[in-house]
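The values are calculated or read from the model by the stated rules, or taken from the named source; none is laboratory data. These numbers come from a predicted model, not from an experiment. Here the Cβ is made from the backbone with ideal geometry for all residues, glycine too, and neighbour counts use every protein chain on show.
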Amino acid sequence: MTGLRRDLQIVADWIGSGSRVLDLGCGDGHLLRHLYESRNVTGYGLEIDPEQISESVANGVNVIQTDLDQGLSDFEAEAFDHVVMTQTLQAVQRPDRLLLEMLRVGREGIVTFPNFAYWRLRYYLAILGRMPMSGALAYAWYETPNIHLCTIHDFEELCRELGIRIIERRVLSHELKPPRLGGLLPNLLAEVALYRFRRA
Amino acid sequence: MPATYPADSVGLVEPQRAVFPAPLALECGRTLSGFELVYETYGTLNAAASNAVLVCHALSGTHHAAGYHSPDDRKPGWWEACIGPGKPLDTDRFFVVCCNNLGGCHGSTGPTSTNPQTGEPYGPDFPMVTVRDWVASQARLADHLGIERWAAVVGGSLGGMQALQWAMDLPDRIAHAVAIAAAPRLSAQNIAFNEVARQAIRSDPEFHDGRYQSRGVIPRRGLMLARMLGHITYLSEAAMREKFGRELRRGKDDYDFHYEVEFEVESYLRYQGESFVERFDANTYLLMTKALDYFDPAAAHGGSLARALASATARFLVLSFTSDWRFPPSRSREIVRALLETYKPVTYGEIEADHGHDAFLMPVPQYLQVFRTYMQRVAAEVAA
C-alpha cells in the first residue's frame, strides 16, 4: 500500500513494530491497515460513521462502532501500547477527558490536530473578519463537526494541567509540508500539530 | 406458466436430507441413537471446499433460508434479504448451507418424528437439546458435506448464539463467526417472555402433557398466544406505530364495543398467531425457547465470557440494531467487550434501524452494506 499522508506517516513512524494500537476515529482505516501490513501491528479502530465503518471493513480493519463521547469504557486499563487520535480531538465533546482516557487504556498517546493559531487562520479572522477555513479545517462554520478547536499553546497548557508529559512534538506547515523555518514559531507557522505523550 | 424469480434470488431450491446413524450424546445426559437433518444449500462448493458458509436459524426458523420451493410460493426463504447472487452471502462465491435444527419440526429429527423405541411420535419424550448439541449435530452435517472448515458460521438471534458456540467448541472448523442481533445469554426479562409463551402452550387444554399429536389435536390457542407474544417483542414500538398506529380495520371508522378484532394490530397479531399454528409444532417451540434460556457459555467459566471465548480463533463480526429491545445493542457489546478483553479480532456495527429485533431479517441498507463488505473480505481470503 502506498502514499500515507505525510502527517500519518509521522504517526506510523512513532509506532513500534508488533504494538497493540487503538485508533480513535479511524475513518476508512487506512492508517491501521498500513500498520497491520508494514509493522505487524494488531489493534482496533473506533469509528462512528457507518460509511467509514464499511470502508474500514473493506480495508480489513477490526473496527468497532463507538461514540468517542461515551468514553472508552469497553477497554481495560493499559490494554494498548499506543492510542492514536488523528484529526479528531477537536470534534469531541470533552477533549480533556478523552486525553485522560487515552492514557488509561494505552501506554502512550498520539494526537494530531489543526493548530487554530496558524497564521492563515489568524488572517481569515483578523483581516477578513470571517470564520477561518483551511485544508485542515475544511468546513463552513455552520456545518463543522469541530467544536473544540485549540492552538499549540492551548494543548500544551492542557497537558500540563492534566499531568500529561509530552515526549515529542512535530509540526507541519501549509499542505502538510515540513516547516520551512525548521519549526520556528510553531504556534504561528504550523497548520497541523502532532504529539506523542505519556502519563507524567 | 414459466416461473420467474428475481435475478438476485437463488430461485427454485429443494430440501435435502442427511441420515446420521451414529449415536449423539446430548448435553442433557441423554443420547439420540441416531438422527436426521433436513437442509438446503445454495451456490457451489469449490474444489478446496473452502467457500462454505453455515447459516444457523433462529427460534422458529427452518432450513428454508432462501429461494422458493415451488413457483407458487408466495414468499421466499426467511433470509432472502441476505442470501443470493450479489447479496451479503453471495451465492456466486459462497456455498451456503442451512439446516433445520435438531428438535425442529420441519423434517429434522424432533418431537414430531417417530421414536424408534415406541413407534409413536416422540412428543414430550424428545430430549432437551441445547445450542451446543446443535453445533455437534451441524458438525456431522459438515463432515457429510465434506466441509472441514466453514469460511463463516453466521446467524441472527438464536442463530448468532450458535455461531458463537461454534467458535468456542470447534475453533479449528470455523474461520469467521458472524453474530447478528444476538446476546451472550438471555436476561431475566427474556426468560420471562419465554416462560409466558411456554405457559400459554402448556396450559392449553389440548396440550395433553405434550401428547397432543397421538390424540390428533394441537394446542392451537396456546401456540397462537405464544407467537403473538413473541411478535410483540420482535417489533419495536416505533415499528408497530408506523405499521398499524391505532388504525381500525378497513371499512370501519368507529368502535364496536366488543372483543372481536377491531384494531389493525389485533388483526395482524391474530393472523401471525394463526398462521404459525399451521406451520409449527408446540413441543418444538418449548424446546427451542428452553435452548435459548439455557445458553450461557460464561457460566462454566465463572461468569467470564472472555474466558469462555478464549478457545476461539475465529474472527468475529457482531452486529446489532438500535431499536432491538429483545437483544439490544448493549447485549451485543457484551460479546464485543469479551472479545476485546483478549484482543480477539472483532468488528462491531450498531445499525440504525427501527424494525426492532426483526431488523436482522430486513433489507436495511446500512446492515447489508457492512455485512456484504465483511463477507467480501471473507470470500477474498478463501479465493471464492
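Does B:ARG307 meet the test of being more than 12 Å from every other protein chain (Cβ to nearest Cβ), without any contact (Cβ under 8 Å) to a residue 12 or more places away in the chain and not hydroxyl-bearing (Ser, Thr, Tyr)?
Working: more than 12 Å from every other protein chain (Cβ to nearest Cβ): yes; without any contact (Cβ under 8 Å) to a residue 12 or more places away in the chain: yes; not hydroxyl-bearing (Ser, Thr, Tyr): yes.
Judged against the criteria, B:ARG307 is a match.
Return yes or no: is B:GLY245 surrounded by fewer than 19 Cβ atoms within 10 Å (Cβ to Cβ) and either of a type outside the set (Val, Ile, Thr) or touching a His at 6+ places or on another chain (Cβ under 7 Å) (or both)?
yes
Is one or more of the residues making up segment B:320-330 within 18 Å of B:HIS176 (Cα to Cα) and either touching a residue at least 24 places away in the same chain (Cβ under 8 Å) or of a type in the set (Val, Ile, Thr) (or both)?
As a first pass, look at segment B:320-330 and keep what is within 18 Å of B:HIS176 (Cα to Cα): B:320.
Narrowing the set further to residues that are either touching a residue at least 24 places away in the same chain (Cβ under 8 Å) or of a type in the set (Val, Ile, Thr) (or both) leaves B:320.
Yes, there is a match, as at least one residue in segment B:320-330 is within 18 Å of B:HIS176 (Cα to Cα) and either touching a residue at least 24 places away in the same chain (Cβ under 8 Å) or of a type in the set (Val, Ile, Thr) (or both).
Can you pull out the residues in segment A:20-31 that are more than 12 Å from chain B (Cβ to nearest Cβ) and either in contact with a strand residue (DSSP E or B) (Cβ under 9 Å, 6 or more places away or on another chain) or more than 11 Å from A:VAL61 (Cβ to Cβ) (or both)?
Result: A:ASP23, A:LEU24, A:GLY25, A:GLY27, A:LEU31.
Checking the structure you have, find out if any residue of segment B:105-117 is under 29 Å from B:ASN190 (Cα atoms) and either among the hydrophobic types (A, V, I, L, M, F, W, C) or assigned by the TED database to the domain that holds B:ARG279 (or both).
Yes, there is a match, as at least one residue in segment B:105-117 is under 29 Å from B:ASN190 (Cα atoms) and either among the hydrophobic types (A, V, I, L, M, F, W, C) or assigned by the TED database to the domain that holds B:ARG279 (or both).
Condition check ((1) surrounded by fewer than 23 Cβ atoms within 10 Å (Cβ to Cβ); (2) within 9 Å of another protein chain (Cβ to nearest Cβ); (3) not in a helix (DSSP H, G or I)) across all residues:
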{"site": "B:LEU317", "(1), (2), (3)": "no, yes, yes"}
{"site": "B:ILE335", "(1), (2), (3)": "no, no, no"}
{"site": "B:THR347", "(1), (2), (3)": "no, yes, yes"}
{"site": "B:GLN369", "(1), (2), (3)": "yes, yes, no"}
{"site": "B:GLN376", "(1), (2), (3)": "yes, yes, no"}
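For segment B:68-102, how many residues meet the condition of being touching a Pro at 6+ places or on another chain (Cβ under 7 Å) and of a type outside the set (S, T, N, Q)?
4
B:ASP125: more than 15 Å from the chain's Cα centre (by Cα), under 23 Å from B:LEU319 (Cα atoms) and modelled with pLDDT of 95 or more, yes or no?
So B:ASP125 does not fit the description; no.
Of all residues being polar (S, T, N, Q) and either within 26 Å of B:SER323 (Cβ to Cβ) or free of Cβ contacts under 8 Å to residues at least 12 places away in the same chain (or both) in segment B:153-196, which is surrounded by the most Cβ atoms within 10 Å (Cβ to Cβ)? Just the residue, please.
At the first step, the residues of segment B:153-196 found to be polar (S, T, N, Q) are B:157, B:162, B:165, B:187, B:189-190, B:194.
Going one step further and asking which of them are either within 26 Å of B:SER323 (Cβ to Cβ) or free of Cβ contacts under 8 Å to residues at least 12 places away in the same chain (or both), we end up with B:157, B:162, B:187, B:189-190, B:194.
On the way: B:SER157: 27, B:GLN162: 29, B:SER187: 13, B:GLN189: 11, B:ASN190: 18, B:ASN194: 23.
My answer is B:GLN162.
Taking the options B:ARG270, B:ARG185, name whichever one is touching an Asp or Glu at 6+ places or on another chain (Cβ under 6 Å) and either over 26 Å from B:PHE295 (Cβ atoms) or modelled with pLDDT of 95 or more (or both).
Step by step, each of B:ARG270, B:ARG185 is checked, and only B:ARG185 is touching an Asp or Glu at 6+ places or on another chain (Cβ under 6 Å) and either over 26 Å from B:PHE295 (Cβ atoms) or modelled with pLDDT of 95 or more (or both).
Being in contact with a helix residue (DSSP H, G or I) (Cβ under 7 Å, 6 or more places away or on another chain) and part of a strand (DSSP E or B) is the filter here; which residues of segment A:151-191 pass it?
Correct list: A:ILE164, A:ILE166, A:ARG170, A:VAL171, A:LEU172, A:SER173.
Select from segment A:79-105 the residues that are crowded, with 19+ Cβ neighbours inside 10 Å, within 13 Å of chain B (Cβ to nearest Cβ) and not small (Gly, Ala, Ser) and list them in ascending order.
A:PHE80, A:VAL105
Need pairs with beta-carbon distance below 6 Å; first residue more than 8 Å from chain B (Cβ to nearest Cβ) and within segment A:56-78, second surrounded by 19 or more Cβ atoms within 10 Å (Cβ to Cβ) and modelled with pLDDT under 95; sequence gap 6+ or separate chains.
Pairs found: none.
Condition test on B:LEU186, is it in a loop (DSSP other than H, G, I, E, B), hydrophobic (A, V, I, L, M, F, W, C), within 17 Å of the chain's Cα centre (by Cα) and within 20 Å of B:ASP358 (Cα to Cα)?
Yes: the conditions hold for B:LEU186.
Would you say B:GLY155 is touching a Cys at 6+ places or on another chain (Cβ under 6 Å) and closer than 19 Å to B:HIS63 by Cβ?
Answer is yes for this residue.
Could you check segment A:32-54 and list, in sequence order, the residues that are within 8 Å of another protein chain (Cβ to nearest Cβ) and more than 17 Å from B:LEU340 (Cα to Cα)?
If the condition is that a residue be within 8 Å of another protein chain (Cβ to nearest Cβ) and more than 17 Å from B:LEU340 (Cα to Cα), then A:PRO50, A:ILE53, A:SER54 are the ones that fit.
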